[in-house]
Amino acid sequence: MKLNGTSSNTQSNGTPLNGTHKNSYALNGYHDELVDELGDAHGASSLETPMRADAFAMDDALKIDLIEEHFREIMTILGLDLTDDSLNGSPRRVAKMYVNEVFSGLNPANKPKATLFDNKFRYNEMLVEKDITVQTYCEHHFVPIIGKAHVAYISSGKVIGLSKLNRIVEYFCKRPQVQERLTMQIAGELKRVLETDDVAVIIDAKHLCVSTRGIRDTHSSTITSSYGGKFEEESTRQELLRYVTQPGVTI
Ligand SMILES: [Zn+2]
């Protein structure tokens with residue numbers, strides 16, 4: 001049950017419970033206050049999700065086994081009794097949820113294949129898919145970010161199946177994220193598959209790390225946007241914003 005390198009002193013049952021352990025941030029010259037501040041600033045360090053070179057050296061089954069083991073350790077350190085029937089299965093449930101569900105978008109093998117079709121109708125206006133569900137995880141606090149995305153493009157001669165737009169949003173959501181990077185990753189992928197810069201992405205989302213901890217603001221939401229190509233023109237952008245802000249259909 002011991003995590004390698006995380007404890008300088010363990011009790012006889014192998015569970016580290018001492019207060020003398022220095023964490024890796026402290027060893028790197030960071031202190032808790034700065035770590036909190038960097039997290040609450042919600043800044044992203046790069047457009048690409050920072051990944052290790054050996055990210056996929058382990059298969060998913062081994063990742064689940066290891067995360068289960070380590071999450072069991074976290075719960076034990078918190079003082080929870082893992083022999084309780086209600087808690088006993090939690091470490092494995094969390095591990096499977098991380099690998100198979102909420103963080104499955106870390107693996108490029110899970111990226112949706114986008115089939116393009118010829119734009120036979122010669123529909124040259126913008127196509128907007130609005131109110132796409134956004135459910136992702138803040139990479140600074142590992143709690144959900146929940147909201148909606150509006151994506152739009154103007155065809156360069158090819159069109160994409162509507163549900164593929166949802167799937168591309170969903171794929172990039174299934175990673176630890178910051179909202180700015182999520183917005184730009186979706187826009188980048190749409191530009192790549194649609195072979196056009198005429199792509200716009202707007203995301204409006206609530207961060208549970210803002211509403212349930214820290215400042216505990218339950219009302220605010222965060223809006224990010226990426227406007228490419230023709231969407232940089234004021235009139236095109238205004239047209240998009242009109243569509244996005246008008247009430248949705250109810251059926
Ligand atoms: Zn956060």
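The values are calculated or read from the model by the stated rules, or taken from the named source; none is laboratory data. The structure displayed is predicted, hence computed values, not measured ones. Virtual Cβ from ideal backbone geometry, glycine too; neighbours counted across all protein chains shown. Protein only, heavy atoms only, side chains kept; ligands, DNA and RNA dropped before computing areas. Shrake-Rupley method; radii C 1.70, N 1.55, O 1.52, S 1.80 Å.
Can you find even one residue in region 56-71 that is within 30 Å of residue 194 (Cα to Cα), out of contact with any Cys (no Cβ under 6 Å at 6 or more places or on another chain) and surrounded by 13 or more Cβ atoms within 10 Å (Cβ to Cβ)?
yes
Would you confirm whether any residue within region 49-67 is touching an Asp or Glu at 6+ places or on another chain (Cβ under 6 Å), in a helix (DSSP H, G or I), modelled with pLDDT of 95 or more and more than 16 Å from the ligand (Cβ to nearest atom)?
no
If you take just the helices (runs of 4 or more DSSP H) that sit entirely in region 156-251, which of them hold at least 3 residues that are within 16 Å of the ligand (Cβ to nearest atom) and within 18 Å of the chain's Cα centre (by Cα)?
179-194, 208-211
From the list 148, 111, pick out the single residue that is away from the ligand (no atom under 16 Å from the Cβ) and open to solvent by 70 Å² or more (accessible area, probe 1.4 Å).
Every option except 148 fails the conditions.
What's the number of the condition residue 98 fails, among (1) in contact with a helix residue (DSSP H, G or I) (Cβ under 7 Å, 6 or more places away or on another chain); (2) assigned to a loop (DSSP other than H, G, I, E, B); (3) farther than 22 Å from residue 225 by Cα?
(2)
Considering 171, 153, 123, which residue is open to solvent by 80 Å² or more (accessible area, probe 1.4 Å) and out of contact with any Cys (no Cβ under 9 Å at 6 or more places or on another chain)?
123
Where the second residue is of a type in the set (A, V, I, L, M, F, W, C) and outside any helix (DSSP H, G or I) and the first is without any contact (Cβ under 8 Å) to a residue 24 or more places away in the chain and lies in region 78-97, which pairs have Cβ atoms under 7 Å and are six or more apart or on separate chains?
Filtered contacts from region 78-97: 87/80; 88/82.
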